[in-house]
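Novice: Here you go, one structure.
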Protein chains: 2
Amino acid sequence: MATLKQVAAHAEVSVQTVSNALNAPHRLRPDTLERVNRSIELLNYRPNRNARSLRTSAVELIGYCVPSWPNQTHLVMDQFLHALCAAAETSGRHILLFTAPAAVDGMPTYDDLHARRLVDGFVLSQTETHDPRHGWLKDRQIPFVSFGRVWKETTQPGPWVDVDGAAGSAMAVQHLHETGRRRIAFLGWPQSSGLGEDRLAGWRDRCTELGLPTGGLVVRCAEDTIDEGARATAQLIDSGQPPDGIVALSDILALGALRQLGDRGLTAGADVGVTGFDDSPRASVVSPGLTSLRQPMEQIATELIAILTGTRNDVPSERLLLPELVIRGSSAPG
Amino acid sequence: MATLKQVAAHAEVSVQTVSNALNAPHRLRPDTLERVNRSIELLNYRPNRNARSLRTSAVELIGYCVPSWPNQTHLVMDQFLHALCAAAETSGRHILLFTAPAAVDGMPTYDDLHARRLVDGFVLSQTETHDPRHGWLKDRQIPFVSFGRVWKETTQPGPWVDVDGAAGSAMAVQHLHETGRRRIAFLGWPQSSGLGEDRLAGWRDRCTELGLPTGGLVVRCAEDTIDEGARATAQLIDSGQPPDGIVALSDILALGALRQLGDRGLTAGADVGVTGFDDSPRASVVSPGLTSLRQPMEQIATELIAILTGTRNDVPSERLLLPELVIRGSSAPG
DNA sequence: ACGGATGTTTTGAACGTTAAAAACATCCGC
DNA sequence: GCGGATGTTTTTAACGTTCAAAACATCCGT
């Protein structure tokens with residue numbers, strides 16, 4: 001593989017002139033630039049990333065910890081990973097994947113990757129309540145950006161991009177209200193989940209705004225499973241005041257709701273409107289199709305990379321993005 | 001962050017002596033080594049990967065193309081990705097993720113990553129019939145190893161690690177035979193799938209060895225879905241000579257079989273023994289639990305890295321690994 | 001014709017490691 | 001005491017870019 005030196009010899013210029021042809025072509029006389037570019041092409045020159053990184057101290061790699069639940073697929077993370085890679089590449093960078101223990105036990109790994117100049121910074125995701133990684137990185141001035149806020153912190157310890165769960169739930173309530181529902185339930189998670197409480201707040205606020213009841217219409221599920229979604233829905237149906245709409249905090253819980261409605265001889269859509277969150281592939285193939293809130297993965301990834309690389313001066317360090325409500329049969333009126 | 005130079009000054013030795021302390025400590029007098037190590041620790045020295053890579057021409061990064069189906073989770077690939085990262089780290093390397101168009105359209109991306117010294121080589125996966133990547137990389141002497149063989153090629157174009165699907169199907173047949181089944185069916189894929197034909201061959205060969213019938217007992221499914229598995233099972237049940245055992249080529253098809261059996265008032269296990277492949281999380285939580293063939297992900301990843309890095313002279317360039325049959329209720333006799 | 005300004009190209013050094021050769025120190029047999 | 005062998009440490013250069021300064025060429029006003 002040719003080096004700058006070889007290209008320079010071929011074009012009968014200095015190494016610096018070849019470097020200028022690549023990085024500052026305006027410095028060169030047009031005929032010199034043409035000759036150098038021809039040599040670059042003829043010799044199939046490719047810049048050596050190591051040499052450049054050594055001189056500039058920028059490696060153009062972004063560290064991302066491989067999702068820590070190998071026993072469980074995580075659709076949102078799969079889509080996110082692909083979008084993140086593509087966004088990084090668009091900016092001339094790549095993603096370096098690594099494993100690390102959970103919480104602070106993993107911080108030495110992050111520290112080491114940065115100290116050895118293996119990465120310039122990190123993208124964090126799967127943020128947990130009181131997640132310690134953010135503060136740890138901020139304290140050490142190691143660049144990072146987070147997909148998701150650190151829940152239940154008074155101030156965020158660093159830049160983030162997130163999807164507005166509350167707004168999403170509100171959109172779902174609004175939509176169900178527009179299809180005629182007047183008693184809309186919410187299937188959520190335990191109170192310890194900040195994300196769950198955020199989405200619940202969106203449901204509650206919009207119901208209140210629309211004058212809809214909220215009492216006795218929230219069921220928190222211990223786990224994010226179809227069975228729990230089914231159980232919670234059964235509980236609502238058997239409550240004596242069954243809902244005519246259900247906003248589920250996730251597609252998984254929503255699928256459980258669909259199953260339970262089917263078991264009770266009720267029709268999703270016609271009898272009870274159902275919505276989920278994340279717009280997983282099953283949302284479209286289940287019958288009826290599940291109305292769901294879709295997270296804008298490509299936009300999320302693009303914003304994360306823009307914040308981390310500081311390539312756009314207009315980028316604020318916090319970005320809350322709106323999900324998109326994808327309307328399907330599960331919320332269509334009768 | 002301290003450099004070798006700063007550590008050397010602190011320890012009152014040359015840069016080379018510090019480098020020797022790290023890489024060839026046997027060259028140093030014990031008291032010199034101790035003094036240098038103390039300086040390394042005091043100054044929290046971390047080697048700069050770029051500098052080392054520039055001098056040695058080895059970047060210690062392995063390129064892996066992010067799975068190309070963002071609309072569909074792929075459990076096996078999720079587990080694989082985690083195992084691959086961990087195995088790479090164990091060898092002092094990391095995974096660089098990238099995106100690329102499918103088939104030969106993606107080859108310029110591979111070429112560029114290698115030419116620019118962003119990676120030392122590649123791990124390929126999701127191999128397809130007549131997959132062109134392998135031959136392309138081999139022709140250009142770009143190091144790689146493949147998780148999965150290139151089906152329907154007379155010779156493999158490069159090193160690979162794979163799971164022996166045929167042996168897996170044979171194990172499943174053997175197991176069902178041992179639980180008393182004598183008419184074992186196979187749910188497979190279209191004939192164009194090399195992997196499917198391989199697994200089918202294992203089923204057929206073992207049935208023949210055991211003197212079991214094979215005629216009219218194979219149903220090929222157009223797609224890997226629960227519905228297709230259910231449809232295929234219905235076809236077998238309605239055939240006039242229903243099977244008492246079913247080996248499914250994947251867990252998804254097996255779940256379809258379980259559903260169809262339930263719909264027909266038949267009990268998986270007691271009435272019809274069912275097995276799947278891949279041991280997905282649902283295999284254990286479905287009722288009854290699904291007997292399934294589990295791929296040894298950590299071993300696969302470890303072998304891939306060993307072949308690619310050439311770190312063990314005894315490693316052959318082709319490794320066929322056995323899956324593990326995880327026995328659950330779906331194959332338990334009545 | 002000359003000096004200052006501007007355009008274009010070259011020169012020298014730096015980044016931080018590793019590899020190889022050289023230098024220095026020590027030991028031992030003759 | 002000396003020369004050869006071995007142990008230990010230092011010296012020198014290399015890897016391939018980028019950065020900054022210097023040199024050279026050209027232009028224009030006086």
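Novice: Each residue of segment A:113-119 in turn: what ³J(HN,Hα) in whole Hz from Karplus with 6.51, -1.76, 1.60 and θ = phi - 60°, glycine and Pro shown as x?
Specialist: 4, 6, 5, 7, 6, 7, 9
Novice: Cβ under 15 Å from residue A:9's Cβ, residue A:9 left aside: what net charge do those residues give with Lys, Arg +1 and Asp, Glu -1?
Specialist: Net local charge, residue A:9 excluded: +2.
Novice: Counting pairwise Cα distances across the protein assembly as shown, what percent come out greater than 32 angstrom?
Specialist: Numbers: 134203 of 222778 pairs.
When all Cα pairs of the protein assembly as shown are counted, 60 percent exceed 32 Å.
Novice: Also, quick follow-up: Rounded to a whole number of µm²/s, how large is the Stokes-Einstein D of chain A at 20 °C and 1.002 mPa s, given Rh as the Kirkwood radius over C-alpha pairs? Spell out each step's value before the answer.
Specialist: Working: Rh = 22.6 Å.
Answer, rounded: 95 µm²/s.
Novice: Largest first, please: the extent of the C-alpha atoms of segment A:4-47 along each principal axis, to the nearest Å.
Specialist: Principal-axis extents of the Cα atoms in segment A:4-47, largest first: 22, 17, 15 Å.
Novice: Charges only on Cβ, +1 for Lys and Arg, -1 for Asp and Glu: so what's the dipole of chain A about the Cα centre, in debye to the nearest 20? Please list the in-between numbers first.
Specialist: On the way: 32 positive and 38 negative charges, 197 e Å.
For this selection, approximately 940 debye.
Novice: Distances from residue B:42 to the same position in the other copies: list them in nm, one decimal, shortest first, using label points 7 Å from Cα along Cα→Cβ.
Specialist: When each copy's label point is compared with this one, the spacings are 5.7 nm.
Novice: What does the charge count around residue A:333 come to, taking other residues whose C-beta lies under 11 Å from its C-beta (Lys +1, Arg +1, Asp -1, Glu -1)?
Specialist: Values: positive: A:181; negative: A:178, A:244, A:271.
Net charge in that neighbourhood comes out at -2.
Novice: Of A:184, B:156, A:330, which is farthest on the positive side of the dipole of the protein assembly as shown, counting Cα position, with +1 on Lys and Arg Cβ, -1 on Asp and Glu Cβ, and the Cα centre as origin?
Specialist: The Cα lying farthest towards the positive end belongs to B:156.
Novice: Using only Cα atoms, figure out Rg for segment A:87-138 and give it as a multiple of 2.2 N^0.38 Å. Write down the numbers at each step before the final one.
Specialist: Numbers: Rg = 11.8 Å, N = 52, 2.2 N^0.38 = 9.9 Å.
Compared with the compact-globule rule of thumb, segment A:87-138 sits at 1.19.
Novice: Counting only residues 5 or more places away or on other chains, whose amide H sits under 5 Å from the amide H of residue B:248 once H atoms are built in the peptide plane?
Specialist: B:187, B:275, B:276
Novice: Also, quick follow-up: Taking the alpha-carbon distance from residue B:138 and a cut-off under 19 Å, which lysines remain once sequence neighbours fewer than 8 residues away in the same chain are dropped?
Specialist: Filter leaves B:152.
Novice: Consider just the alpha-carbon atoms of segment B:19-149 and return their Rg together with their Dmax, both in angstrom.
Specialist: Rg then Dmax for segment B:19-149, in Å: 19.2, 60.
Novice: Nothing charged except the Cβ atoms of Lys and Arg (+1) and of Asp and Glu (-1): what's the magnitude of the dipole of segment B:178-318 about its Cα centre? Round to the nearest 20 debye. Don't skip to the end; give the middle numbers.
Specialist: Working: 13 positive and 20 negative charges, 81 e Å.
The dipole magnitude comes to about 400 debye.
Novice: Karplus couplings for segment B:155-171 from phi (6.51 cos²θ - 1.76 cosθ + 1.60, θ = phi - 60°), rounded to Hz, Gly and Pro as x?
Specialist: Ordered by residue, 3J(HN,Hα) equals 10, 6, x, x, x, 8, 10, 8, 9, 6, x, 4, 5, x, 4, 4, 4 Hz.
Novice: About the Cα centre of segment A:4-47, how large is the charge dipole given +1 on each Lys and Arg Cβ and -1 on each Asp and Glu Cβ? Please answer in debye to the nearest 20.
Specialist: Numbers: 6 positive and 4 negative charges, 23 e Å.
Once rounded to the nearest 20, the dipole reads 120 debye.
Novice: HN-Hα J couplings of segment A:279-288 from phi, Karplus 6.51/-1.76/1.60, θ = phi - 60°, integer Hz, Gly and Pro as x?
Specialist: 6, 6, x, 5, 4, 8, 8, 5, 10, x
Novice: Could you tell me which residue out of B:234, B:304, B:214 lies farthest along the dipole of segment B:194-334 toward its positive end? Charges go on the beta carbon: Lys and Arg +1, Asp and Glu -1, centred on the Cα centre.
Specialist: Of the candidates, B:234 comes out farthest on the positive side.
Novice: Can you compute the FRET efficiency between residue B:24 and residue B:152 using 1/(1 + (r/R0)^6), with r the Cβ-Cβ distance and R0 = 56 Å? Round to the nearest 0.05. All intermediate terms of the calculation are to be shown ahead of the outcome.
Specialist: Working: r = 49 Å, r/R0 = 0.88.
With R0 = 56 Å, the Cβ-Cβ based efficiency is 0.70.
Novice: Enumerate the amide H contacts of residue A:122 below 5 Å, restricted to partners 5 or more residues apart or on another chain; note that Pro and chain-start residues carry no placed amide H.
Specialist: A:63, A:144, A:145
Novice: Further question: Which residues in segment A:1-24 have a backbone N closer than 13 Å to a point placed 7 Å from the Cα of residue A:33 along the Cα-to-Cβ line?
Specialist: Residues A:20-24 fall inside that zone.
Novice: Same structure, new question: Within 10 Å of each Cβ of A:104-114, how many other protein chain Cβ atoms are there on average? Let's see the in-between values first.
Specialist: Working: counts 0, 0, 0, 0, 0, 1, 0, 2, 1, 3, 2.
Per residue, the number of nearby Cβ atoms from other chains is 1 on average.
Novice: For residue B:191 paired with residue B:317, estimate the spin-label separation in nm (one decimal), with each label point 7 Å from Cα along the Cα-to-Cβ line.
Specialist: 3.3
Novice: Once you have the Kirkwood Rh of segment B:203-334 from its Cα pairs, apply Stokes-Einstein at 37 °C and 0.692 mPa s and quote D in µm²/s. Don't skip to the answer; put the middle values down first.
Specialist: On the way: Rh = 16.1 Å.
This corresponds to a translational diffusion coefficient of 204 µm²/s.
Novice: Collect residues whose amide H, placed 1.01 Å from N in the peptide plane, falls under 5 Å from the amide H of residue A:95; neighbours closer than 5 in sequence don't count.
Specialist: Residues meeting the amide H criterion: A:62, B:97.
Novice: Which value at 222 nm does chain B reach when only helices count, each DSSP H run of 4 or more adding -39,500 (n - 2.57), with the total divided by all residues and rounded to the nearest 500 deg cm²/dmol? Mind showing how you got there, number by number?
Specialist: Values: 13 runs with 143 residues, N = 334.
Roughly -13000 deg cm²/dmol at 222 nm, from the helical runs in chain B.
Coordinate-derived values only; no laboratory data. On a predicted model such as this, the values are computed, not experimentally measured, just so you know. Heads up, the Cβs are rebuilt from the backbone with ideal geometry, glycines too, and the neighbour counts pull from every protein chain shown.
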